[in-house]
1. Can you tell me what share of the DSSP beta bridges in region B:207-334 is antiparallel? A percent to the nearest 5 is fine.
2. Residue separation times 0.36 nm, minus the C-alpha to C-alpha distance between B:L185 and B:A21: what's the value?
3. Sort shortest first the distances from A:E256 to its counterpart in every other copy, using label points 7 Å along the Cα-to-beta-carbon line, and give them in nm.
4. Placing +1 at every Lys and Arg Cβ and -1 at every Asp and Glu Cβ, with all other atoms neutral, what dipole size does region A:7-148 have around its Cα centre, in debye to the nearest 20?
5. With just the Cα atoms of chain A, tell me how far they stretch along each of the three principal axes, in Å, largest first.
6. Report, in whole Å, the centroid distance computed from the Cα atoms of region A:206-269 and region B:258-275.
7. In whole percent, how big is the carbon plus sulfur part of the accessible area of region A:130-193, probe 1.4 Å, protein atoms only?
8. B:H23: accessible area at probe 1.4 Å, nearest 10 Å²?
There are 2 protein chains.
Amino acid sequence: MGDKILLAHGSGGKLTHDLVAKHFLPLFDNSFLRQLDDSAVLDLNGRLAFTTDSYVVNPIFFPGGDIGKLAVCGTVNDLSMSGARPMYLSLSLIIEEGLSMSDLNFIMRSARDAADEAGVKVVTGDTKVVDRGSADRLFINTAGLGVIRPGVDISGSNARPGDRVILSGPIGEHGIAVMSQREGLRFSSPVESDCAPLNGLVEAILDSGVEIRCLRDPTRGGLAGTLNEFASASKVGIRIDEKSIPVGEAVQGACELLGLDPLYVANEGKLVAVVDPGGAGRVLAAMRECRYGGGAVTIGEVIAEHPGRVVMSTLMGASRIIDMLVGEQLPRIC
Amino acid sequence: MGDKILLAHGSGGKLTHDLVAKHFLPLFDNSFLRQLDDSAVLDLNGRLAFTTDSYVVNPIFFPGGDIGKLAVCGTVNDLSMSGARPMYLSLSLIIEEGLSMSDLNFIMRSARDAADEAGVKVVTGDTKVVDRGSADRLFINTAGLGVIRPGVDISGSNARPGDRVILSGPIGEHGIAVMSQREGLRFSSPVESDCAPLNGLVEAILDSGVEIRCLRDPTRGGLAGTLNEFASASKVGIRIDEKSIPVGEAVQGACELLGLDPLYVANEGKLVAVVDPGGAGRVLAAMRECRYGGGAVTIGEVIAEHPGRVVMSTLMGASRIIDMLVGEQLPRIC
């Protein structure tokens with residue numbers, strides 16, 4: 001098989017077949033994938049969530065994860081945020097010729113481990129190889145399917161005045177971890193990506209029985225982006241309280257050094273929930289029992305004023321509008 | 001909005017939001033996509049087909065199509081080949097910074113037109129932008145969902161000795177069209193890609209009532225690749241007859257010039273069906289009524305001898321083994 005990926009690994013011929021049969025199938029083995037037909041055939045009923053993301057993170061290895069783990073967690077999380085139980089993933093690779101087989105195998109094992117943790121199956125896939133200089137080592141697309149619980153109706157457009165806004169933990173870790181790795185920065189306490197599958201946390205939130213209006217993971221565009229999306233889609237205002245927003249010391253330090261605002265830095269293992277005010281305490285308690293929800297806090301509430309806007313009460317006691325990111329802050333973060 | 005794609009169009013901020021809201025939503029508008037939630041929520045029941053492909057064709061415009069049309073047709077066809085009615089697609093873009101907005105809009109319109117022809121909806125998507133030199137203009141991933149008709153059981157592993165092998169028309173057009181464009185070759189009669197959605201043709205085949213064992217579109221790896229996959233998965237031999245295999249004059253000429261064997265050249269609007277011998281005539285008649293099946297012919301049959309092998313009776317009266325492609329013949333053809 002050799003040590004490097006060749007163009008011929010993407011030709012659809014013998015080398016493609018061998019790569020899939022010897023390297024990918026044994027890792028992700030399941031009865032759907034094993035068929036190697038053009039489509040996986042699945043038995044599913046009810047309301048399904050369907051999502052996709054392409055991952056172009058640079059570099060492909062970073063503290064706390066790699067592009068394989070990220071590609072699985074990101075799509076598991078997008079499904080979870082619609083109140084779905086993630087079930088099946090597709091996994092499609094665009095490989096730059098010359099990628100080492102050991103790097104590829106490491107990344108695929110890491111994707112498999114994340115899929116195992118989340119309890120999802122990779123059931124269909126695709127492998128393309130492009131010539132040197134036509135891609136940057138490896139891009140991965142995952143699409144996902146999940147089944148939505150009966151009675152659940154979660155959407156960015158469901159927030160109502162009075163609802164509480166809950167954040168699952170400290171922000172900015174993924175973006176800073178990737179950025180530090182890319183720029184070769186060394187901090188006294190290194191920042192690890194928070195990349196993690198959040199479907200268990202979402203199950204716990206739904207099991208609390210509280211009415212959940214919106215759920216979203218604040219990835220690209222950060223917490224500020226997600227809150228603005230909710231405010232805009234729900235035609236409400238959102239007021240958050242700066243002092244309640246958890247930011248780790250190392251992230252805070254790195255942000256100051258790099259001139260970044262943690263509100264706009266990507267997360268890959270956090271979620272924002274907008275919930276019925278009467279149940280916020282129960283949701284928080286349920287989240288804090290979970291592996292990835294230990295740091296859950298209420299950061300604000302939905303208001304009738306300022307529809308479409310996010311307003312932050314600052315540490316100084318002033319109010320300021322938190323807009324969506326306008327330019328690029330951190331490209332290729334996911 | 002400006003004339004070129006910037007890195008900030010992929011940041012998850014305001015420019016991403018504007019690109020989606022002003023350029024993509026109006027084109028693909030439907031109630032699922034309009035939600036702009038992390039996942040599309042779909043009501044589906046029964047046996048579903050789920051598939052994905054990443055498209056890296058070079059160049060992104062070629063005679064007879066472009067990467068947008070290809071990305072929709074390719075995934076519609078993969079779903080169709082499992083006997084499913086294609087319903088929903090995801091569409092995920094990896095754009096190289098600097099791509100012109102007009103090229104992107106043209107490609108998205110072309111994807112939309114193909115989706116309209118096939119009767120499928122684009123319900124979820126993603127947009128990433130990478131820096132110059134980290135991708136080659138544009139890569140597109142589509143994943144697809146379709147509903148499989150009750151009673152249909154199509155798989156590459158279902159072929160039985162005696163079955164007839166039917167091909168829907170002349171081979172090699174897509175690969176030669178892309179290759180000619182890439183290399184700047186001029187032929188007296190230019191070859192156009194056969195890129196087309198084949199779900200209507202598959203419906204007609206299934207409506208014939210004949211038992212259909214295997215269906216596949218011979219893309220990368222060509223007709224030889226598809227037949228080898230069937231022979232291997234079904235543990236049977238397949239004998240084809242060289243003189244029955246339709247190859248257009250221009251494709252034949254181009255193949256001779258370029259030193260290519262049309263059996264290995266990619267198609268994007270053809271299918272191979274393995275069918276019950278008693279019904280082959282009915283299948284052929286049904287296919288010939290269809291827009292993309294006018295040139296349907298029987299090219300061979302499934303045999304008990306040579307399990308796992310494809311054997312061709314040549315024009316010279318000899319027999320030769322048609323193996324899978326070993327090296328790369330035409331990289332980045334889809």
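The values are calculated or read from the model by the stated rules, or taken from the named source; none is laboratory data. None of these values were measured; they are calculated from a predicted model. Every residue, glycine among them, receives a Cβ derived from its backbone with ideal geometry; neighbour counts consider all protein chains shown. To get the accessible areas, we keep the full protein, side chains included, count just its heavy atoms, and leave off ligands, DNA and RNA. Shrake-Rupley method; radii C 1.70, N 1.55, O 1.52, S 1.80 Å.
1. About 75 percent, rounded to the nearest 5.
2. Additional length available on full extension: 55.1 nm.
3. The answer, with the shortest distance listed first, is 7.7 nm.
4. Details: 12 positive and 17 negative charges, 36 e Å.
I would put it at about 180 debye.
5. On the principal axes, chain A reaches 65, 48, 31 Å in Cα extent.
6. So the separation of the two Cα centres works out to 51 Å.
7. Values: 1090 of 2460 Å².
For region A:130-193, the apolar C and S fraction of the accessible surface comes to 44 percent.
8. Only protein atoms counted, so the area is about 40 Å².
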